[in-house]
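Have a look at the structure below, then the notes.
The values are calculated or read from the model by the stated rules, or taken from the named source; none is laboratory data. A quick note: this is a predicted structure, and the numbers were derived from the prediction, not measured. Every residue, glycine as well, gets a Cβ built from its backbone with ideal geometry; the counts of neighbours run over all protein chains shown.
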Amino acid sequence: MVDVREATPNGAAAALLPERLRALLARADDGVWVTTVDGRIVFWNRGAETVLGYSEDDVCGRSCGEVVTGRDEQGRPVCGPCCDAARLTRGAGTSFGVPTHAKDGRDVWLEVMTFQIDGDAPLVIHVFQDATRTKQLLRELREHVGDGTDGDARLTRREREILRLMAGGLGTAATAARLRVSRATIRNHVQNIFGKLGVHTRLEAVTHATRHHLV
């Protein structure tokens, strides 16, 4: 079995990906990154560099969570042993949205499709597109075609408190510990906040809260 830790960044793809597949992914217009099932990046194409600004040398050998993000919009792991992709059968795929940041600090929203391939070292292929403009358009449409009520005003005192902690970078576990409630309670409040603000992720909620001076 090939050990990715022994592969150099430039040689990682050649060592782990079949040549024809590597060539196909390299010339794809969409962004592509490939990881081992434990989330270690072994391939990164030019499309990925165009969207996120990182070169293959910047990312190969690092964990997916360090470069892209550790979680999707539902808070589930994107890469690694606990993610859905790691349990896929050959040829199966799953799709999800990922809020992340480009190398220059820009907020970016990715729509990702994953596939697992078998071999001496099983790999997970992530194919993605930049959906940032689409997400922004949908937010603006919701604002223009909404019912005219102030969704922010419907937030309870507890929801506003959780939103402030969210903006401060606290996750579910830390927020639950701070407020001395269960994680399930925090998750329920977060989903209520999403619904009232018309957003789908923590990043969107914090961005909305900042724009509307809620935090």
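Take the residues in region 40-55 that are of a type in the set (S, T, Y) and surrounded by fewer than 18 Cβ atoms within 10 Å (Cβ to Cβ); name whichever of them is farthest from T100 (Cα to Cα).
Applying the filter and picking the extreme gives S55.
List the residue pairs whose Cβ atoms are under 6 Å apart, where the first residue sits in region 8-35 and is in the same structural domain as G61 (by TED's automatic domain parsing) and among the aliphatic types (A, V, I, L, M), the second is modelled with pLDDT under 90 and assigned to a loop (DSSP other than H, G, I, E, B), and the two are 6 or more positions apart or on different chains.
If the second residue must be modelled with pLDDT under 90 and assigned to a loop (DSSP other than H, G, I, E, B), the pairs left are A15/V2; A15/A7; L16/V2; L16/A121.
Out of the residues in region 55-84 meeting the condition of being under 18 Å from L16 (Cα atoms) and among the small types (G, A, S), tell me which one is modelled with the lowest pLDDT.
Among those residues, the one meeting the criterion is G80.
In region 17-62, which residues are of a type in the set (A, V, I, L, M, F, W, C), over 22 Å from G80 (Cβ atoms) and not in a helix (DSSP H, G or I)?
The one that is of a type in the set (A, V, I, L, M, F, W, C), over 22 Å from G80 (Cβ atoms) and not in a helix (DSSP H, G or I): A28.
Is it the case that some residue within region 134-153 is modelled with pLDDT under 85, closer than 20 Å to R76 by Cα and among the charged types (D, E, K, R)?
yes
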